[in-house]
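Structure first, commentary second.
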Amino acid sequence: MTEKLNIDTAWHSITGLKSHNEDSAGVHVPEDPYLALNKGITLVVADGVSSAEAGQEASQTAVERFIDEYYQTPDTWSAGHCGEKILSTINLRLYRKSHEFATESKGFLTTFSAVVVKSQTAHFFHIGDSRIFRLHKNGAGELELSQLTRDHTAVLGENRATLSRALGMDNRLNVDYGRTPLEEGDVLMLSSDGVHDFLSVEQITKLLAQDKGAKQVAQELVETALEKGSDDNISAVVARIHRLPEESLDDYSVKLTRLPFPPDLSVGMKIDGYEIVKELFASSRSQLYLVRDTETGEVAVMKTPSLNYDDDVSYIDRFIQEEWIGSRIKSENVVRIIRQTRPRTCLYYLMEYIEGRGLDRWIEAHQPVSPKAAIAIVKQIANGLKAFHDNEAIHQDLKPGNVLITDDERAVVVDFGSVYVAGLAELQRPLVHEGALGTASYSDPLYLLGKNPGMQGDVYALATITYEMFTGHLPYGEAAEECRTAFDYDRLRYQSAALHNPVIPLWFDCALEKGVAFDLEQRYRTIDELLTDLTQPNPEFLRDDPVTESSTSSLLFWKLLSGFWFVTFLLLLYLFSQS
């Protein structure tokens with residue numbers, strides 16, 4: 001690109017006549033020229049639904065996560081693809097939080113409008129009744145204000161309008177996406193209804209046409225709306241286009257999406273400024289190399305796709321998705337994805353290099369295990385899994401080989417190859433997996449049967465790993481590896497952990513059994529629930545004969561019935577003695 005994008009941006013938001021501000025707005029212009037070139041500039045506004053009680057948190061979450069996560073998406077994704085994927089995961093996050101407070105009628109709902117200015121194009125995303133406008137010169141050379149979005153509202157009786165779409169309203173998101181070419185001199189405006197419901201088209205046009213900076217224009221839009229009687233929160237985002245790149249990124253983007261697979265790499269070879277130090281791992285699906293940045297000297301792990309799949313579109317999609325998934329998850333117990341700072345000439349991604357050994361080797365070296373050390377590791381793995389779950393992601397392939405233990409006993413979850421992100425299925429064709437995901441001994445049997453247990457699948461894997469750490473065995477024995485059908489799993493029986501390690505208390509054993517239950521109704525729903533019962537005795541498990549609720553009811557019935565028979569028997573004896 002012979003010219004860089006030059007754009008003046010600003011946003012302004014006030015509470016107005018309301019008690020608190022449920023609007024959120026933001027602008028991000030990357031300092032990194034590589035990000036600015038490949039990702040562009042983001043403008044966002046969101047208007048939290050006040051009647052939902054959690055509108056303020058919903059709007060803040062939407063704005064902050066969209067801006068943060070957009071710049072973490074792979075270079076090989078288009079702006080439209082990035083935005084739709086991110087919004088789908090944000091929507092599910094808000095929807096799940098709303099249902100956590102279902103009894104309190106607390107909803108995390110918000111409108112959302114965003115623009116990504118990339119090269120000579122504005123990509124826009126929209127849900128709800130916030131709006132996006134473009135001021136530009138028409139064919140006659142006259143200034144014209146165009147509304148790029150349409151309001152998602154339904155009119156009820158007495159001309160009352162209500163939102164028909166909002167982030168967090170439904171578990172499936174229907175987002176409007178569009179793109180429009182830009183010209184130098186164009187002005188973009190994003191606004192909440194506190195602005196555009198109280199200003200006419202002529203008033204907005206006049207304010208945007210002023211020869212003033214974006215910050216001053218945004219402030220005047222908000223102040224004028226307040227003067228015109230706005231009784232809502234008032235927010236406006238303004239972007240004035242001073243200069244556009246001479247070269248379009250369209251061809252460049254096409255090149256990125258068609259990056260070739262790297263060749264077979266060997267020690268000493270260099271690729272995009274990274275020197276291959278040694279091969280760490282290789283399989284039929286991918287390779288891991290220890291590499292050194294020739295400019296900084298820093299080491300990292302490079303993951304490359306296998307040449308066996310260079311014509312498999314689904315495989316390539318998933319490989320690209322791995323980098324994005326990993327970049328969204330921030331936890332000291334999850335391996336960190338390293339953001340690229342140089343253009344890539346082939347398909348790969350980078351991760352931090354962690355010195356340590358697999359949990360499988362740690363378990364072999366520490367039998368019999370120290371309960372204190374083992375529980376400390378379990379807690380760290382749980383912390384890593386919760387970071388996945390907080391981002392609507394499920395690991396699906398948690399096993400000892402995918403957990404590294406450092407010299408200072410820090411547990412780090414690695415590998416994103418089987419991660420499932422809720423909400424992405426409707427955005428691209430589902431990936432077909434041959435057989436069960438992960439390793440049969442640690443993966444939920446429901447995967448093999450074609451079902452997705454969600455977070456409870458990771459609960460099963462963590463409980464299985466915990467069982468193995470404390471016993472050196474698996475909860476259903478080696479036979480689980482041979483299971484292929486539901487009938488095969490029905491024949492399996494849980495083996496008490498106390499059989500392998502007599503010091504394991506009953507309550508701990510019961511928690512493990514509940515964690516690996518095949519029936520989802522009996523299994524823990526979350527990692528926290530499992531962890532709670534693994535670290536402190538559950539009173540329900542302290543009985544000599546722990547039973548299910550239905551069994552308890554049945555037992556109570558027989559006790560009452562037996563008591564009735566006993567009383568009847570005593571009464572008959574009394575009557576007999578009187579006669």
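Given (1) more than 28 Å from His389 (Cβ to Cβ); (2) hydroxyl-bearing (Ser, Thr, Tyr); (3) under 25 Å from the mean Cα position of the chain (by Cα); (4) at pLDDT 95 or above, identify the lone condition not met by Tyr289.
Checking Tyr289 against (1) more than 28 Å from His389 (Cβ to Cβ); (2) hydroxyl-bearing (Ser, Thr, Tyr); (3) under 25 Å from the mean Cα position of the chain (by Cα); (4) at pLDDT 95 or above, the one that fails is (3).
Could you tell me which numbered condition Met169 fails, if it satisfies all but one of (1) buried (at least 18 other Cβ atoms within 10 Å of the Cβ); (2) of a type in the set (A, V, I, L, M, F, W, C); (3) in a strand (DSSP E or B)?
(3)
Could you list, in sequence order, the residues of the range 485-531 that are within 33 Å of the chain's Cα centre (by Cα), among the hydrophobic types (A, V, I, L, M, F, W, C) and outside any helix (DSSP H, G or I)?
If the condition is that a residue be within 33 Å of the chain's Cα centre (by Cα), among the hydrophobic types (A, V, I, L, M, F, W, C) and outside any helix (DSSP H, G or I), then Val516, Ala517, Phe518, Leu520 are the ones that fit.
Does Tyr489 qualify as being at negative phi and at pLDDT 85 or above?
no
Quick one: which residue in Asp75, Asp68 is closer than 25 Å to Trp324 by Cβ and at pLDDT below 85?
Asp75
Considering only the range 164-179, how many residues are in contact with a Ser or Thr (Cβ under 7 Å, 6 or more places away or on another chain) and not small (Gly, Ala, Ser)?
4
Can you name every one of the strands (runs of 3 or more DSSP E) wholly within the range 1-85 that holds 2 or more residues which are touching a residue at least 12 places away in the same chain (Cβ under 8 Å) and over 23 Å from Asp129 (Cα atoms)?
6-14
Scan the range 314-360 for residues that are hydroxyl-bearing (Ser, Thr, Tyr) and either farther than 18 Å from Asn38 by Cα or under 18 Å from the mean Cα position of the chain (by Cα) (or both) and report the count.
Qualifying residue count for the region: 5.
Is one or more of the residues making up the range 13-29 within 17 Å of the chain's Cα centre (by Cα) and under 25 Å from Asp390 (Cα atoms)?
no
Is it true that some residue in the range 471-481 is part of a helix (DSSP H, G or I) and at pLDDT 85 or above?
Scanning the range 471-481 turns up at least one residue that is part of a helix (DSSP H, G or I) and at pLDDT 85 or above.
Mind telling me which of the residues Glu352, Glu409, Glu364, Glu392 ends up being in contact with a Lys or Arg (Cβ under 7 Å, 6 or more places away or on another chain) and surrounded by fewer than 19 Cβ atoms within 10 Å (Cβ to Cβ)?
The conditions single out Glu352.
The values are calculated or read from the model by the stated rules, or taken from the named source; none is laboratory data. Nothing here was measured: the structure is a model prediction, and the numbers come from that model. Neighbour counts are summed over all protein chains in view; Cβ atoms, including those assigned to glycine, are modelled from backbone coordinates with ideal geometry.
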